[in-house]
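Readers should treat all values here as calculations from the given coordinates under stated rules, not as data from a laboratory. Since we're looking at a predicted model, the values are computed, not measured. Here the Cβ positions follow ideal geometry from the backbone for every residue, glycine too, while neighbour counts run over all protein chains shown.
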Amino acid sequence: MEPTTSAPAPPAAKTSTPRPGGGSYDAIIVGGGHNGLTTTAYLAHAGLRVICLERREILGGACVTEEVWPGARVSRASYVVSMLQPKIVSDLRLAEFGYRAIPLDPAYVSLTESGPIFFFNETERTAGSIAKQSRKDAEAYPGFEDLLMRAAAFVRPMMLREPPAVGSKQPADLAALVREAARMAGFTRREIHQLVRVFTMSVGDLLDDHFELDGLKGSTASSGVVGVWAGPRTPGTAYNLLHHALGECAGIDGAWGQVIGGMGAISNAIARSAESAGAEILTGAEVASIDVRDGSAIGVTLADGTELRAPIVASGAHPKTTVLGLAGAEHFPSEVSEEMRRYRTRGGSVKVNMVLSEPPRYEGVTEEEQRLMMHAGVNVCPSIDYLERAWQDATLGRPAEHPYVEAELPSAVDATLTDDGRWVMTMFTQYGPPGEEAWAGDARERYADACVEQLARYAPNLPAAILEREVLAPPDIERVFGLVDGSIFQGEQGLDQMAFMRPHPEMAQYATPVDGLYLCGAGTHPGGGVTGCSGHNAAHRILKDRRRARRPWRRRAVAG
């Protein structure tokens, strides 16, 4: 795979200032992250007059490309794509607006003391790489992949629709429950047993059932704890491994890709699609409050005092921020506001962004392996126990002494990310505690040094090649991106905070108890990742409710 040298996509919508007298719209979207922009685009294409308001001077939320240093553009938070839904790419014509993703094959490489393990998009090639260290694990790998793919095939259809409203007697909700029950009826008892195990087990136990190689298990287990406040022995983390297997890139199930122009090119493409349908998008427009009167949303007030009015407000902000802050807990039933105060939203991810003078040079590998490793994610996680110890450090309130590290070198795929031939490298790492007190003094730099040290064991030239470095600990992720306690998924993804319970049963179908107020961020079903699902689903719920509101006889029938 040769790096692209085509010109980067042009910047997204320029910052503009709301007109002094405010304005009225059909819908107002709070937050210009990729989900908020997705809701904006769908509503605009449906003919609504809609405006999207972003606090920062740049669009994208955590799906963003930023020029952190002059001449170097970095996917500052999210870093690779897989889970963005093909339906959304097609519906919003994102390719026409600059979206292009290059599949990675191998997607990632596990660095072990016995040599690298390459995880290709083809199961047989991955098994061949594993076989160099364990014939038994190589033989077990296809069956493990098949288990994940069958589980993913069951979950994937749920991504782009509302979760069933358990306990509801409404005909549509009952029909949804029947539909899911009918799908389950198509599985054998053994398949149902396997599904339940994947949904409830720890990722460590699941992998112990299949493999013996510590490096294989540690590397794979890391995907079960990405972005969650949990360790590899925590029940439910096997589902998080499945969550990251639900996507595709370029039509390849489970594949990952680098986005040309960085992850912000996704957000920019969605924004341009929305603008092509007439949407207004404002940056530098901080929402101070979502205004509620007589139980209904009536619009928003900006930090500068500007009032904008609409009967529909959809918030892509964190659900705790939306309910307890912007709209105000007093406008919600007490049980909803109380449960939202309990909504768990701790994050243990630390992002390290760097500019290098040269790429890492891995020792003990062939030229072809070096080439493959430059284009793939490179993963350092020697064992499940290693990952568990890093997790335990964070639970004790200190950054992990020996972090889990996944490093990407996106400029090996996209040379336009720097202006002068330097190299962009990002590290997604775990674990670091969410509290600022854990990061006093030089704790951020010491943690980043530990991350670099892990990779330097295999690429000794790395430390001397670092020209620039940024460390985003959980408190920084909250400060910059508004992700409370640094939870990159807008809330933990335990089984008690997923599907019809995310973020609360009264708001799991995107509408809230405040008439006209909706949630459209990752704090709703189906959860985090750059999927666009929450934005898509919220927009369709809004449009469905508008159609229902125009049919009063249907409202009377439902009420009766």
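Write down the radius of gyration of the range 41-126 and its Dmax, each obtained from C-alpha positions, in Å.
Cα radius of gyration and Dmax of the range 41-126 are 18.2, 59 Å respectively.
Taking only the alpha carbons of the range 441-560, what extent do you get along each of the three principal axes, in Å, biggest first?
Here the spans come out as 72, 24, 23 Å, largest first.
So how tilted is helix 384-395 from the main axis of the chain? Cα-based, degrees 0 to 90, rounded to 10.
50 degrees
Quick one: plug the Kirkwood hydrodynamic radius of the range 388-470 (C-alpha pairs) into Stokes-Einstein at 37 °C, 0.692 mPa s, and report D in µm²/s.
On the way: Rh = 14.0 Å.
Stokes-Einstein gives a translational diffusion coefficient of 235 µm²/s.
Give the peptides 51-62, 120-131 in descending order of average Cβ contacts within 10 Å, highest first. Numbers along the way, then the final one.
Details: 51-62: 24.0, 120-131: 16.8.
Per-residue mean Cβ counts within 10 Å order the peptides as 51-62, 120-131.
Report, in degrees rounded to the nearest 10, the 0 to 90 angle that the Cα long axis of helix 189-200 makes with the longest principal axis of the chain.
90 degrees
Tell me, what ³J(HN,Hα) does each residue in the range 324-333 have, in order and in whole Hz, if you take phi through Karplus 6.51 cos²θ - 1.76 cosθ + 1.60 with θ = phi - 60° and put x for Gly and Pro?
Here the 3J(HN,Hα) series is 8, x, 5, 7, x, 4, 5, 8, 10, x Hz.
Positive end of the charge dipole of the range 86-147 (Lys, Arg +1 and Asp, Glu -1 on Cβ, about the Cα centre): tell me which of Ser114, Phe97, Tyr141 has its Cα farthest that way.
Phe97
Kirkwood Rh over alpha-carbon pairs of the range 287-413, then Stokes-Einstein at 4 °C and 1.567 mPa s: what D in µm² s⁻¹, rounded to an integer? Intermediate results must be reported in sequence, preceding the final value.
Values: Rh = 19.5 Å.
The estimated diffusion coefficient comes to 66 µm²/s.
Residue by residue, what Karplus-based ³J(HN,Hα) values in Hz, rounded to whole numbers, does the range 362-369 have, using 6.51, -1.76 and 1.60 with θ = phi - 60° and x for Gly and Pro?
3J(HN,Hα) across the range 362-369, in whole Hz: 7, 8, x, 10, 6, 4, 5, 5.
What does the highest-first list of 25-31, 102-108 look like by mean Cβ count within 10 Å? Each step should come with its number before you reach the end.
Values: 25-31: 26.3, 102-108: 21.9.
Sorting 25-31, 102-108 by mean packing, highest first, produces 25-31, 102-108.
With every atom except the alpha carbons ignored, what do you get for Rg and Dmax of the chain, in angstroms?
Taking only Cα atoms of the chain, I get Rg and Dmax of 23.0, 74 Å.
With +1 on each Lys and Arg Cβ and -1 on each Asp and Glu Cβ, how big is the dipole of the chain about its Cα centre, in debye rounded to the nearest 20? Don't jump to the answer; show the numbers that get you there.
Working: 55 positive and 68 negative charges, 527 e Å.
Here the chain has a charge dipole of around 2540 debye.
Sorted from largest down, what three extents in whole angstroms do the Cα atoms of the range 182-274 have along their principal axes?
That works out to 46, 38, 24 Å along the principal axes.
How big is the gap, in Å, between the Cα center of the range 247-297 and the Cα center of the range 366-416?
28 Å
What is the angle, in °, between the Cα long axis of helix 135-155 and the longest principal axis of the Cα atoms in the chain? Nearest 10 is fine, range 0 to 90.
The helix 135-155 is inclined about 10 degrees to the chain.
Can you say what percent of the DSSP beta bridges in the chain, counting only those with both residues inside, are antiparallel? Round to 5. Each step should come with its number before you reach the end.
Values: 46 of 68 bridges.
Antiparallel: roughly 70 percent of the beta bridges in the chain.
Ordered by packing density, taken as the mean number of other Cβ atoms within 10 Å over each peptide's residues, highest first, how do 262-274, 450-462 rank? It would help to have the intermediate numbers written out before the result.
Numbers: 262-274: 28.7, 450-462: 18.5.
Descending packing order for the listed peptides: 262-274, 450-462.
With θ taken as phi - 60° and the coefficients 6.51, -1.76 and 1.60, list the Karplus ³J(HN,Hα) couplings across the range 62-77 in order, rounded to whole Hz; mark glycine and proline as x.
Ordered by residue, 3J(HN,Hα) equals 8, 9, 9, 10, 10, 7, 5, 10, x, x, 9, 10, 10, 6, 6, 10 Hz.
Add -39500 (n - 2.57) for each DSSP H run of 4 or more in the chain, then divide by its residues: what number comes out at 222 nm, to the nearest 500 deg cm²/dmol?
Values: 18 runs with 194 residues, N = 560.
It comes out at -10500 deg cm²/dmol, rounded to the nearest 500.
How many angstrom lie between the Cα centre of the range 72-116 and the Cα centre of the range 450-479?
Centre-to-centre (Cα) distance: 21 Å.
Using +1 on the beta carbon of Lys and Arg, -1 on that of Asp and Glu, and nothing else charged, what's the dipole of the range 234-362 about the Cα centre, debye to 20?
Working: 10 positive and 14 negative charges, 103 e Å.
Roughly 500 debye, rounded to the nearest 20.
How long are the semi-axes of the equivalent ellipsoid of the range 73-166, defined as square roots of 5 times the Cα gyration tensor eigenvalues? Whole Å, largest first.
On the way: eigenvalues 193, 89, 28 Å².
Equivalent ellipsoid of the range 73-166: 31, 21, 12 Å, largest first.
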